[in-house]
Amino acid sequence: MLYNTMKIKPTRLHGVLTALVTPMKANGEIHLAKLERFVEHQIGQGIHGLIPLGSTGEFYALSPAERQGVLETTLGAAAGRVPVVAGANAGSTREVVAFARQAEQLGCAGVLLAAPFYSLPTPDELFAHFRAVNDAIGIPIMLYNYPGRTGVDMSPEFIAGLTVLENVRYVKESTGEMSRMTTLMRLCGDRLGVFCGCDTIAFESFMVGALGWVGGVANVLPASHARLYELSVVKQDYAGARKLFFEILPTLELMEGGGKYTQWVKAACAILGRDVGIPRQPLGPASKAETAILRHALRQCAEGKKK
């Protein structure tokens, strides 16, 4: 089914974009009906956009047909109310081009592109990779710098150089280094929308001018994430934003520092009454001890006090 005829507002991406989990059934198959309900909940809580098929969405463990099903379901449930940016990552340029073209055909507002994993391309090879994708589509590209997952670190200078490509409009910076955020702002903030990709520095990122925040914990605490953006950027109520950030920070630090991000995000969703199943192998579920730690952290947040 094609969604590119839907009336989607041509707006610049901003605010909190949830790196969506992919709900699973007990048998390990994707639960598309639950994904529809989950998207509805996210939008109802004030999230500004959705990114299916990112790392939190376990794209690497899904078949091409499953990836298409996730995209179609997300777009159908969102119904043009918020932009949907598709993760279009794979190990080869040919595959990435195919996934990016599919995302455009289905009606996505953009694609999220990391460096191809495992192959460790040189800077020249990586530039050629992004140029090939750029030339194949006509929708915005959000670069995704996360060397901890890809093995390739895209420096601020390299990212600035990619802005000569017409469709490169945004970057999700996920190293967690605040200096990277400020350097990106200085080098290319007038040409590139910079998004925080590390949950624990979201408040500071907003303070220096980040356009938004792409977060996996937004699956768990969407209202708090949207509220932090509103207080920080829209209302410029910095005291209120700081208070809210410190309230949710223990949970953010736990997720970022535990080494089991996707597993714990899914477990935390279940704790708060939005069961999305467990990750697909090779990942496994959070243990009982880990779940207890998560429950304690969530009780410090307004959205988790009753659980």
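The values are calculated or read from the model by the stated rules, or taken from the named source; none is laboratory data. Just so it is clear, the model here is predicted, and its values are computed rather than measured. With ideal geometry, Cβ positions are generated from the backbone for all residues, glycine too; neighbour counts draw on all protein chains shown.
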Give me the pairs: first residue in region 16-43 and hydroxyl-bearing (Ser, Thr, Tyr), second residue modelled with pLDDT of 95 or more and part of a strand (DSSP E or B), beta-carbon distance under 9 Å, and six or more apart or on different chains, which are they? 18/49; 18/50; 18/51; 18/214; 18/215; 22/30
Could you tell me which numbered condition residue 276 fails, if it satisfies all but one of (1) of a type outside the set (Asp, Glu); (2) within 22 Å of residue 228 (Cβ to Cβ); (3) modelled with pLDDT of 95 or more? (2)
Given (1) surrounded by fewer than 22 Cβ atoms within 10 Å (Cβ to Cβ); (2) without any contact (Cβ under 8 Å) to a residue 60 or more places away in the chain; (3) acidic (Asp, Glu), where does residue 199 come up short, assuming only one miss? (1)
Residue count for region 2-29, restricted to those that are on the phi > 0 side of the Ramachandran plot, at pLDDT below 95 and touching a helix residue (DSSP H, G or I) at 6+ places or on another chain (Cβ under 8 Å): 0
Among residues of region 30-77, those that are over 16 Å from the mean Cα position of the chain (by Cα) and either at positive phi or part of a loop (DSSP other than H, G, I, E, B) (or both), counted: 4
Has region 109-121 got any residue that is at positive phi and among the aromatic types (Phe, Trp, Tyr)? yes
Selection from region 72-82 of residues that are surrounded by fewer than 24 Cβ atoms within 10 Å (Cβ to Cβ) and either under 16 Å from residue 17 (Cβ atoms) or in contact with a helix residue (DSSP H, G or I) (Cβ under 8 Å, 6 or more places away or on another chain) (or both): 72, 73, 76, 77, 80, 81, 82
From 238, 229, which residue is over 21 Å from residue 57 (Cα atoms) and either charged (D, E, K, R) or in contact with a Gly (Cβ under 7 Å, 6 or more places away or on another chain) (or both)? 229
For region 220-269, give me each residue that is over 15 Å from residue 202 (Cβ atoms), outside any helix (DSSP H, G or I) and either among the β-branched types (Val, Ile, Thr) or touching a residue at least 12 places away in the same chain (Cβ under 8 Å) (or both). 258, 260
Scanning region 270-303 residue by residue, those part of a helix (DSSP H, G or I), more than 22 Å from the chain's Cα centre (by Cα) and either of a type outside the set (Gly, Ala, Ser) or under 18 Å from residue 41 (Cβ atoms) (or both) turn out to be 288, 290, 291, 293, 295, 296, 302
